[in-house]
Each structure stands twice: as structure tokens, then as C-alpha cells.
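The next block holds one structure in the form of C-alpha cells; read it before the comments.
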Amino acid sequence: MSSICSKATNYLTILIRGAKWVNASQFYKLLVEPLDIAEYYRTGKHRTQGHYLKNGREKRYEIFDRWWKGREAGDEENNKRTSYASLTQDSCFWARVEEAKDWLDQVRSESDTGRSDMLWQDIDRFESYATRLVENKEVSIDVLAKNSSFTLLMEELQDFKKKTQQFPPQFPAFWNEEMVP
């Protein structure tokens with residue numbers, strides 16, 4: 001009987017230590033990865049190597065993601081937040097903001113309607129993603145600060161949308177390839 005108890009105790013100890021490592025890796029990722037993202041874009045690596053999410057993200061963060069997704073989540077995760085997170089809960093949030101800024105710049109100069117539509121779809125997905133994070137208070141309050149990159153991007157996007165809606169296409173059915181016979 002004591003051997004079963006000691007095995008169970010050892011197993012529980014391993015689980016608890018494992019949970020501590022998973023939590024520590026998540027905290028590290030939330031704290032450090034945004035700094036890596038800032039450095040990546042500050043040094044212009046996105047211009048030579050491509051955007052961070054596809055070309056700059058270090059393997060350790062992907063491993064930490066797998067650990068975090070593979071853990072057993074507690075009941076507290078189902079509770080709705082009453083205040084903003086101290087750290088933005090998606091460590092790649094700022095990389096997504098940088099990609100959205102790039103898409104907006106591209107859509108401004110794009111003459112190909114097919115490519116423009118794809119860029120707008122990307123922008124719309126980003127808007128939905130960001131809105132969900134803000135509504136669920138999964139961002140830190142600094143994300144919503146007056147001159148944050150995110151706030152400036154959203155203001156710029158809203159202004160651009162207003163300007164483009166002032167000049168709707170003359171034949172919307174034609175532009176959407178819905179010609180009536």
C-alpha cells in the first residue's frame with residue numbers, strides 16, 4: 001500500500017511542478033515576447049525577413065504555446081474579467097497590430113480589386129480579433145492609451161473607411177461580379 005501511496009505522491013509532485021513550469025513559461029511569454037516584437041520591428045527586420053509571426057518568432061514561444069494549450073484549464077478561466085489584464089493575454093498582439101498597419105498601407109495603394117478585397121478581409125479579421133480582446137478585457141490598459149500604436153491604427157482605419165465610403169462604386173453589382181443578365 002505504501003508503494004502505491006509513494007507513486008501517487010511522486011506523480012502529484014511531478015504534476016504540480018509541471019503546472020508551475022507551464023504557468024511560469026506563460027508569464028515569461030506574456031512579459032518578454034512583446035519586447036522581442038518591438039525590437040524586431042524597431043530594427044526593421046520585418047522589411048528584410050517578413051513579419052514577425054511568420055518569420056521572426058522564436059521556437060521557444062511556440063513550445064510555450066503548446067504547453068499552455070495542453071494544460072488542464074481551471075474554472076477561473078471561464079470567469080469574465082472585471083478589469084483589464086495587467087499583461088495583454090495574447091503575447092503576439094503587437095505583431096498583429098504591425099501586420100494590420102502594413103495591410104492598411106497596402107490597401108491604400110492597391111489598384112487590383114481582388115488583392116484589395118483580400119487585404120480588407122485581413123483587416124476585418126484583425127478588427128474582430130482586437131474587438132474581442134478589448135471587450136473581454138484581455139488587453140492591458142496601455143493598449144487603449146491615447147497615442148498607443150493600436151489606438152492610432154484604429155483611428156487611422158476609421159478615417160480611411162469614412163473616406164472610401166464617401167465614394168462608393170457607381171455600379172456596385174458590377175464590382176462584386178454580380179452582373180444581372
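The values are calculated or read from the model by the stated rules, or taken from the named source; none is laboratory data. Computed from a predicted model, the values in this text were never measured in an experiment. FYI the Cβ positions are ideal-geometry reconstructions off the backbone, even for glycines, and counts take in every protein chain you see.
Of note:
- Residue in region 77-90 that is assigned to a helix (DSSP H, G or I), modelled with pLDDT under 90 and more than 18 Å from S148 (Cβ to Cβ) present: yes
- Set S140, S128, S116, S109: member being of a type in the set (S, T, N, Q) and in contact with a Phe, Trp or Tyr (Cβ under 9 Å, 6 or more places away or on another chain): S140
- Each residue in region 95-122 was checked for being under 16 Å from the mean Cα position of the chain (by Cα) and among the β-branched types (V, I, T), and 1 of them qualify.
- Only one of A24, A19, A38, A8 that is modelled with pLDDT of 95 or more, part of a helix (DSSP H, G or I) and among the small types (G, A, S): A38
- Single residue of region 82-94 satisfying the filter (within 22 Å of R42 (Cα to Cα) and of a type in the set (F, W, Y)) that is farthest from the chain's Cα centre (by Cα): W94
- Scope region 136-158; condition more than 17 Å from the chain's Cα centre (by Cα) and part of a loop (DSSP other than H, G, I, E, B); matching residues: A145, K146, N147
- The residues of region 86-124 that are touching an Asp or Glu at 6+ places or on another chain (Cβ under 6 Å) and free of Cβ contacts under 8 Å to residues at least 24 places away in the same chain, listed by number, are W103, S116.
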